[in-house]
Every structure is written in C-alpha cells, then in structure tokens.
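Engineer: The structure follows.
None of the figures in this text is laboratory data; all of them are computed from the coordinates on show. Fair warning: this is a prediction, and the values are worked out from it, not measured in the lab. Every residue, glycine as well, gets a Cβ built from its backbone with ideal geometry; the counts of neighbours run over all protein chains shown.
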Protein chains: 2
Amino acid sequence: MSGSGEFELIASLAGRLDPADGLGIGDDAAAWMVGAGTLLVATTDMLVERVHFRLDWTSPRDLGWKALAVNLSDLAAMGAMPGRALVSVALLPGQTAIVEEMYDGLSELGRLTGTRVVGGDTVRTSGPLVVNVALLGEAEPGRLLRRDGAVPGDLLAVTGAVGASAAGLALLLEADPERLARPEAAQLLAAHHRPNPRLAAGRTLASMGLRCAIDISDGVASEAWHVARSSGVEIALDADRLPLNAGAVELFGREKACQFAVAGGEDYELLFAVPEARLAEVTAALGEQGGATVVGRVIGQRAGGRVDLLHAGRVVEPGRPGYVAF
Amino acid sequence: MSGSGEFELIASLAGRLDPADGLGIGDDAAAWMVGAGTLLVATTDMLVERVHFRLDWTSPRDLGWKALAVNLSDLAAMGAMPGRALVSVALLPGQTAIVEEMYDGLSELGRLTGTRVVGGDTVRTSGPLVVNVALLGEAEPGRLLRRDGAVPGDLLAVTGAVGASAAGLALLLEADPERLARPEAAQLLAAHHRPNPRLAAGRTLASMGLRCAIDISDGVASEAWHVARSSGVEIALDADRLPLNAGAVELFGREKACQFAVAGGEDYELLFAVPEARLAEVTAALGEQGGATVVGRVIGQRAGGRVDLLHAGRVVEPGRPGYVAF
C-alpha cells in the first residue's frame, strides 16, 4: 500500500491482534526479551514486482541486495545489529535463474553486514515476482531507538545526504538519454538500487543513549510525521537545511532535489532526535558514518503529533506533510 | 514450487549462502542459540492465491488460520513452542476486508497456541493475494527434533490419522454435490481448511529425548524420504499400516484414502522415529495428543537415503516414492 491507506489498514489490523508484551506494530521493528538478557529485534518487508521494482530496471542481484537492505535499515533505526534472515520468494516457473542471482545479491550484502540466511520458502506464482525478507537481530537491553522517543528541546538530524534514491528513480521514469549520460547519473541509480543501511550509525546512536530514530524509507517529511505522532510532539522541519545529495542537485536543480528529499523516499538514512547539548558529541561520533545534519527541532508537546514544514522561510505545509504535493 | 523442482532450487539457493552456524536450510525450521541458554527456532511459509488456496473455496478467516498453522506445524516438528509471528500480505486495492478477516483467523489460532503477531508488512500487488508468515519460537537446548535423527532399529510412527486433508481437497476439486452432502464431508473440508498443528505432541516427543520428527505437509511417503535422505538410512514404509482418516475411507474407499495419505499431504500430523524399546512409553504419552501408530521401520544405514514403500505385501515403489503416481 502507499500513502495514508497503508497506515489505516495497519491500524485496523493491529486492532485485531492481542496487545504484544514487547514493542510491537507501529515502530520500525518489533522487539522483545528472550532468556536472561537478550533483546531480540525483528522486522519484515515484502517487495512486489511492478510495485516496488521492475525487472527491466533492476538486476536480480540488485533486487536481492535491496530486499535485504530495506530490512537492515529497519534494524539500524532501532539501534540493532543483524542477524538472521528468512527469505521467501514467489516465482514463475521460468524465473529460477533470476531468483538464484537475487540470492547472490542478498548474500553479498549479508556478508558485508553479518547477516545469515537461515531459511526460507520458494513457491510458485502465476503473477508478479514477490520477495519477502524477515530479519532478526539483537539490541542492547535498554538501548533501543524508538519512534516515540522525541521530547521538546530535541533537535532532529539526519545522517548522510538525502534525495539521491528518488532522483535515481526519476532518471529511470523519465528515461531521458541526455540526463542518463551525465556523470552523476550512475551514483543516483546506485543509490536507488543498492541502498546502504546505516547499521553502524544506528548502533552509535543507541550506544550513546539516544532514544529516538527512524529510517528514511519514505520522504523526510513523512518520517518526521511518524516521529511527531508516536512521540506526541510538534516538530518544525526546515526543508532548506536538508543535506541534499550533490548529484541530485547537479542533475535536477536545488528545488527539485529538495522535493526528492522531502517527499521522495528510499534514502535509508536515519532521522534521529538529539538533545541540543549533545549535538557536537553525537556529530563527532557519526563522523565516519555519514555525519549528521540538523534539519529540525521538537518545539513542544502536541497530542496526535504535528509537523510544520518550513521552506524559504515560511510554513509551506502545516500539520501532516508528506502526502500532499510539495 | 512443487515436486522435485522445489528441492533442486532450494539446494541451489542454499549453496549460494554461507554455511550457518546453527541448524539451517534443509530442516523444518532453522535453529540457533542466543544469549546464555535460549534456543531460537524460526520458519517461514508463503501462500499464493490460486497455487495454495482459492478464495472461492477458502474463507479469508480459514486462510489466516492456515497461514499460521503451516508455520506452527514446522515448529511442532522441531519440538519447539511458539512464538512470535511477522505477517506480510500483498493485496489488490479492493481486498482490504479480506485481509482484515484473514487476520481474525490468524489471531484466533494465535490465541489458541500462544502466538503473537508482532509485526508485518502490507503492500499492494497487481496479481494474486500473497501471505507470508515468519514464525519464531523456542526449544529446549539439546532437545531439538530433526530430520536427520533416525537410526537403524528405530520404528517410524505418525500421530493422529492421515488422508483427511487430501480427501477434503478432492471433494472441492470434484465438486460432486452428492458426496459433498454426506455427513463426513464437513470434517474432511475442515481438515483441509483448518489444520491443527501438533505442537503438544512435538513438545512431548522432544521432552522424552526423541531425536527425529518431520511434519506431514506433503504425503507420508515424501516425508519419509526426507527423513531417509537426511539421516542416511533405508526406511521400510508400510502403506497398509497408515492410520487412515475414517471419513476419507467412508467417502472414498480404503484404497483411495490410502493414496491420499501416502501422496496427498497437508495432514500436518508428525512422522517421527522412536526406538522400539520406547514405543509403549511414547505411545502412552501421546494418548491425548493424537496417539501414535507405527507405520514403518529404519532397516539400515544407506548413504543418500532410500524408502521402500510396501502395499498389499509387496514393494510398490522402491527408492524414492512420493513423486510418482501410487
């Protein structure tokens, strides 16, 4: 699902379940204690052909990488480390070679991140290729990053740069040979096809005792809204302070690149809350993990949440941004 | 996938992965230690519309029940207990109500078995409805039931009765109104739509120190073959000793009911190995959990495995039964 429909359905489904005794539906991942002192963290993501990927745009190898990466990013946003993965695939009879290559890409990222595929299911379908990854990891008890951990006075910051993945997707959609031939294009396409989950950054934030993070799978505005709603706070988000990907700015201009970052998504950077007094220390610690750029501030308590999106000095989208055209 | 193609693809995929340090691909579920003394067990199954279920035959509620049940059966076959589940669904825009009802059925079985849905993903598709459940449970360290645990001298036994689910499917396929109106039909359809995983039986077998079990998701012959291959043994399997479901015998006759049990599948009973000296004790312990019926014997070591399927006093299918017509 996309847009607000997804969240309504998830809320409806969550209401049909018994309340979990750990952290359940509504955060990037679920978490619960097992045994004496192990905090398990689990997440799952399903990718569907022609909804989430196109086989004429994405190599099977990149597809496997991405199917794992989006789950790893959920763990990163919790401050957790992988992990074991269960991989399910629904394929047409003629797609065996595609699935084998997909596994190669998945294993490649698995080796880089310490993730092992321990099981799965391969089934036949008459429809689009479907890949589901369920991923398990561990976090340090008491050191979980959550969506509901932002408090007034916190600054909001993002790791790395944003807007590259949406710019890469725009290149594929418009298929303009001139723009595709530009030197920046390859990097934007790579950002779209092979995102690098911020596992080390998430661990750093968690180990420093920070409380709140979310991964940027939708646009920054949408993720800020999730934080605002979960934490019950009002957030001022300044679009002009977003660390825009240089290639996206070069190819599409600053205004369009800013739109990609605000509403595009799939950057898989982390958006996190940090007390102002700890900003320098946290930024230094993230130096080799994408750094940190302040993009907003929690300006007060607010039941139900609120995000004020600022652009060129004025509030362009009060309330709940991200679903409306920028 | 179905038939031998599935196993070849799984073997190919497993070869592309790094070896796991726990029990990995090839058993009913993966298992590994976390923390000081917790043995985690994990499995996943994907169900695809028009391959595994038809919405004109199955109510969404029953579909949810079954999607969880097939995973619970994998845990039962390991001697593990649930658990937490992650549920992913790919649906068409108009299928929201179907998915909500599916969750109700899933939650119903979840409550009965102590399984909590802690997360999931709902995504759009342009094709068949797809449901993936990833299930986590725990087993007692050192007390795992495995496919490779059968040794010469063991008897092979099954819990409960077999053949009902395939008989139920046959009723749906032939759509004979006369046979569907018979009093036994409802129970056969229920066996097909709402299987009851043998969690208690699996725990009993594991707690008694038995080593080898598998759940009957394909026919008994196919499961015996998995045990034979994994354990490196030769098994004599006597089709005439199978505890056939009485309703299947009543509606389809003994010969057809026997075929359903041998090659039909989806009974979700357990096939397990038990030393002859412990048979009485184990059978008594399973009294309230479906009992146990001896259906075969491990007659020797055999590299690569072998099953001799006996019927009416002769070997009807030597070698690797279950994929050839009975």
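Engineer: What's the average, rounded to a whole number, of partner chain beta-carbon atoms within 10 Å of each residue's beta-carbon in A:82-88?
Structural biologist: Taking the mean over all residues of the peptide, I get 6.
Engineer: Using a/c under 1.5 as the rounded threshold, could you call chain B rounded, prolate or oblate? The axes a ≥ b ≥ c are square roots of the C-alpha gyration tensor eigenvalues, and prolate needs a/b larger than b/c, oblate otherwise.
Structural biologist: oblate
Engineer: Treating only the Cβ of Lys, Arg, Asp and Glu as charged (+1, +1, -1, -1), what charge dipole size does region A:22-159 show about its Cα centre? Round to the nearest 20 debye.
Structural biologist: 100 debye
Engineer: Let me ask something else. With both bridge residues required to lie in the protein assembly as shown, what share of the DSSP beta bridges run antiparallel, to the nearest 5%?
Structural biologist: Taking every DSSP beta bridge with both residues in the protein assembly as shown, the antiparallel ones total about 75 percent.
Engineer: Still on this structure: Sort B:135-141, B:47-53 by packing, meaning the average of other beta carbons within 10 Å per residue, with the highest value first.
Structural biologist: Top of the packing list down: B:135-141, B:47-53.
Engineer: A follow-up question, please. Take peptide A:47-53, look around each residue's Cβ out to 10 angstrom, count Cβ atoms belonging to other protein chains, and average those counts.
Structural biologist: Averaged over the peptide's residues, the number is 4.
Engineer: Consider all pairwise Cα distances in the protein assembly as shown and report the whole-number % of them above 32 Å.
Structural biologist: Considering the protein assembly as shown, 51 percent of its Cα-Cα pairs are separated by more than 32 Å.
Engineer: Could the peptides B:57-67, B:90-100 be put in order, highest first, of the mean number of other beta-carbon atoms found within 10 Å of their residues?
Structural biologist: The densest-packed peptide leads the list: B:57-67, B:90-100.
Engineer: Could you state the number of Å between the C-alpha centres of region B:246-305 and region B:51-75?
Structural biologist: Using only Cα atoms to place each centre, the spacing works out to 23 Å.
Engineer: Further, regarding this structure: Rounded to the nearest 20 debye, what is the charge dipole size of chain B about its Cα centre when +1 sits on each Lys and Arg Cβ and -1 on each Asp and Glu Cβ?
Structural biologist: 320 debye
Engineer: Which whole number in µm²/s is D for region A:147-317 by Stokes-Einstein, with the Kirkwood Rh taken over Cα pairs at 10 °C and 1.306 mPa s?
Structural biologist: 99 µm²/s
Engineer: Can you list, shortest first in nanometers, how far B:A200 lies from the same residue in the other copies, with each label 7 Å from Cα toward Cβ?
Structural biologist: So the distances to the same position in the other copies read 5.3 nm.
Engineer: What is the distance, in nm, between label points placed 7 Å from the Cα along the Cα-to-Cβ direction at A:L112 and at A:V294?
Structural biologist: Each label point lies 7 Å from its Cα, and together they span 3.2 nm.
Engineer: With θ taken as phi - 60° and the coefficients 6.51, -1.76 and 1.60, list the Karplus ³J(HN,Hα) couplings across region A:226-237 in order, rounded to whole Hz; mark glycine and proline as x.
Structural biologist: Karplus-based 3J(HN,Hα) across region A:226-237 equals 4, 5, 4, 5, 5, 8, x, 9, 9, 10, 9, 10 Hz.
Engineer: Here is a further query. What gaps in nm, shortest first, separate A:P93 from its twins in the other copies when you place the label 7 Å past Cα toward the beta carbon?
Structural biologist: 3.3
Engineer: Moving on to the next point. Kindly state, to the nearest 0.05, the FRET efficiency for A:R254 paired with A:A97, given R0 = 41 Å and r defined as their beta-carbon distance.
Structural biologist: 0.45
Engineer: Along the Cα-to-Cβ line of B:R54, 7 Å from the Cα, sits a label point; which residues in region B:150-188 have backbone N less than 18 Å from it?
Structural biologist: B:165-181, B:186, B:188
Engineer: Just to be sure I understand: chains B and A are related by a rotation, so which residue of B has its Cβ closest to that axis, and how close in Å?
Structural biologist: Nearest to the symmetry axis by Cβ: B:G127, 1.
Engineer: Next question. Restricting to chain B, compute how many DSSP beta bridges are antiparallel as a %, nearest 5.
Structural biologist: Bridges in chain B are about 75 percent antiparallel.
Engineer: Restricting everything to alpha-carbon atoms, can you work out Rg to Rh for region A:232-275 with a Kirkwood hydrodynamic radius?
Structural biologist: Taking Rh as the inverse mean 1/r over Cα pairs, Rg/Rh reads 1.02.
Engineer: Hey, got the dipole for region B:203-242? About the Cα centre, +1 on K and R Cβ, -1 on D and E Cβ, debye to the nearest 20?
Structural biologist: 240 debye
Engineer: Say R0 is 35 Å: what FRET efficiency, to the nearest 0.05, do A:R278 and A:D240 get from their beta-carbon distance?
Structural biologist: 0.90
Engineer: Could you sort A:171-181, B:70-80, B:271-281 so that the peptide with the highest average Cβ count within 10 Å comes first and the rest follow in order?
Structural biologist: B:70-80, B:271-281, A:171-181
Engineer: How many nanometers, to one decimal and shortest first, lie between the label point of A:P152 and those of its other copies, if labels sit 7 Å from Cα toward Cβ?
Structural biologist: 7.9
Engineer: Over the whole of B:276-283, what's the average partner chain Cβ count within 10 Å per residue? Rounded to a whole number, please.
Structural biologist: What the average comes to for B:276-283 is 0.
Engineer: Just check region A:98-210 against the gyration tensor rule for me: Cα atoms, a ≥ b ≥ c as the square roots of the eigenvalues, rounded for a/c under 1.5, and otherwise prolate or oblate depending on whether a/b exceeds b/c.
Structural biologist: Here region A:98-210 falls in the oblate category.
Engineer: Restricting to Cα pairs below 8 Å that are 6+ residues apart, what does the relative contact order work out to for region B:147-317? Please round to a whole percent.
Structural biologist: Reported as a whole number, the value is 42 percent.
Engineer: Relative contact order for region A:32-175 using alpha-carbon pairs under 8 Å, separation at least 6, rounded to a whole percent?
Structural biologist: For region A:32-175, the relative contact order is 35 percent.
Engineer: Taking a label point 7 Å from the Cα of B:E178 along the Cα→Cβ vector, which residues of region B:229-266 have an amide N closer than 15 Å to it?
Structural biologist: Under cut-off, by backbone N: B:251-253.
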